[in-house]
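Student: Below is the structure I would like to discuss, written out as structure tokens.
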Amino acid sequence: MKILFASDAFKGSLSSEKIIELLEEVVQRVFPEAVCEGMLVADGGEGTMDTVIRQLGGSYREIRSEGPMNESVQAHYGLLPGSKAIIEMAVTNGLPMVPAEKRNPMRASSFGTGMLIRDALDQGIRDLVIAIGGSATNDGGMGAMSALGVRFSDKDGKQLKGCGEELAFVRDVDLSHLHPAVREASFTVMCDVTNPLLGQDGATYTFGPQKGADTGMLKALEKGMENYASVVEGKQESVHQRQKVRALQAGWAFRLWHF
């Protein structure tokens with residue numbers, strides 16, 4: 001008899017590898033003649049990076065980063081064959097890093113994840129996979145983008161670093177200091193859900209409670225996310241309009257030059 005074990009990790013308790021080890025131990029006691037094999041499985045949360053590196057080969061790069069509550073942490077990401085990198089958000093901004101009684105998505109930030117992305121770009125990596133599951137944050141990626149040079153500011157022009165409670169204060173987005181390699185890079189996001197950003201089935205109301213948000217926090221975070229999304233969307237439209245204008249100007253310049 002041959003038995004294959006393929007289990008995802010149990011959030012905050014057992015890794016995929018440990019589950020396989022325990023199952024094999026039990027099976028060997030009951031069916032000593034059985035041949036057991038294990039396959040690591042991950043869903044974009046904790047253990048995803050280890051699973052991918054184990055299956056594809058690769059190595060780890062360690063750097064100092066920033067945890068979900070702005071604390072200094074030793075973090076790492078994976079370097080894969082073909083000059084690729086895999087970054088697991090849970091490694092530096094993960095939910096298990098914050099004790100249950102201290103979880104607060106209003107204060108938590110994804111800044112550390114942005115630091116890992118920035119380091120990978122500085123290493124010359126241009127093909128990045130980001131596993132976003134298992135985070136302690138609800139900042140819409142504002143912290144990560146801040147670490148990459150995007151500047152978010154409030155109504156008085158004060159720069160915001162990025163956390164859940166600051167979503168409501170965003171009034172402008174400045175992309176002029178964005179890490180230049182971002183425009184050259186390809187990003188693939190790994191997750192196992194299809195929830196929209198906003199609404200009762202959105203990111204905040206679905207995942208906020210497990211990150212420590214009570215009813216009041218959920219309402220504040222959702223309102224802040226609506227504001228954040230509106231400002232970012234407006235910025236994108238503005239950028240697209242400027243690109244169109246530049247294209248038209250370039251076209252007229254080309255015609256004047258040749259005629």
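The values are calculated or read from the model by the stated rules, or taken from the named source; none is laboratory data. Please read these numbers as outputs of a predicted model, since none were measured by experiment. Cβ coordinates were reconstructed from backbone atoms using ideal geometry, including for glycine residues, and neighbour counts include every protein chain displayed. What goes into the accessible areas is simple: the full protein's heavy atoms, side chains included, and nothing from ligands, DNA or RNA. Shrake-Rupley method; radii C 1.70, N 1.55, O 1.52, S 1.80 Å.
Student: Answer yes or no: is there a residue in segment 46-55 that is of a type in the set (G, A, S), assigned to a strand (DSSP E or B) and open to solvent by 20 Å² or more (accessible area, probe 1.4 Å). Walk me through how you get there before you give the answer.
Tutor: Filtering segment 46-55 down to residues of a type in the set (G, A, S) leaves 47.
Narrowing the set further to residues that are assigned to a strand (DSSP E or B) leaves none.
Checking segment 46-55: not a single residue is of a type in the set (G, A, S), assigned to a strand (DSSP E or B) and open to solvent by 20 Å² or more (accessible area, probe 1.4 Å).
Student: Looking only at residues in segment 144-165 that are surrounded by fewer than 23 Cβ atoms within 10 Å (Cβ to Cβ) and among the hydrophobic types (A, V, I, L, M, F, W, C), which one is farthest from the chain's Cα centre (by Cα)?
Tutor: L160
Student: To continue, here is another question. Kindly provide the set of residues from segment 128-143 that are open to solvent by 10 Å² or more (accessible area, probe 1.4 Å) and free of Cβ contacts under 8 Å to residues at least 60 places away in the same chain, ordered by number.
Tutor: G141
Student: Hey, among the residues in segment 127-163 that are part of a strand (DSSP E or B) and among the small types (G, A, S), which one's farthest from V91 (Cα to Cα)? Lay out the reasoning, then the answer.
Tutor: Taking segment 127-163 first, the residues part of a strand (DSSP E or B) are 127-131, 135, 151-153, 159-160.
Remaining after also requiring among the small types (G, A, S): 131, 135, 153.
Values: A131: 10, S135: 9, S153: 28 Å.
Per the criteria, the residue is S153.
Student: Return the pairs, sorted by first residue and then second, in which the second residue is surrounded by 12 or more Cβ atoms within 10 Å (Cβ to Cβ), the first residue lies in segment 175-192 and is free of Cβ contacts under 8 Å to residues at least 24 places away in the same chain, the beta carbons are less than 6 Å apart, and the residues are 6+ apart or on different chains.
Tutor: none
Student: Looking only at segment 92-110, count every residue that is in contact with a strand residue (DSSP E or B) (Cβ under 7 Å, 6 or more places away or on another chain) and within 17 Å of S13 (Cβ to Cβ) and tell me the total.
Tutor: Qualifying residue count for the region: 2.
Student: Would you say E166 is modelled with pLDDT of 90 or more, in a helix (DSSP H, G or I), acidic (D, E) and under 22 Å from L116 (Cβ atoms)?
Tutor: Working: modelled with pLDDT of 90 or more: yes; in a helix (DSSP H, G or I): yes; acidic (D, E): yes; under 22 Å from L116 (Cβ atoms): yes.
For E166, the condition - modelled with pLDDT of 90 or more, in a helix (DSSP H, G or I), acidic (D, E) and under 22 Å from L116 (Cβ atoms) - is met.
Student: In segment 56-122, which strands (runs of 3 or more DSSP E) lie fully inside it and hold 2 or more residues that are open to solvent by less than 30 Å² (accessible area, probe 1.4 Å), farther than 12 Å from G143 by Cβ and modelled with pLDDT of 95 or more?
Tutor: On the way: elements: 59-66, 72-80, 84-88.
Correct list: 72-80, 84-88.
Student: List, please: which pairs have Cβ atoms under 8 Å, are six or more places apart or on different chains, and start with a residue in segment 64-84 that is touching a residue at least 40 places away in the same chain (Cβ under 8 Å) and over 19 Å from L95 (Cβ atoms) and end with one that is in a strand (DSSP E or B) and of a type in the set (K, R)?
Tutor: Every condition considered, the pairs that remain are L79/R61.
Student: Scanning for something in a helix (DSSP H, G or I), modelled with pLDDT of 95 or more, open to solvent by 50 Å² or more (accessible area, probe 1.4 Å) and on the phi < 0 side of the Ramachandran plot, does segment 238-253 turn up at least one residue? Give the derivation first.
Tutor: Filtering segment 238-253 for residues in a helix (DSSP H, G or I) gives 238-253.
Filter once more, keeping what is modelled with pLDDT of 95 or more: none.
No: segment 238-253 contains no residue that is in a helix (DSSP H, G or I), modelled with pLDDT of 95 or more, open to solvent by 50 Å² or more (accessible area, probe 1.4 Å) and on the phi < 0 side of the Ramachandran plot.
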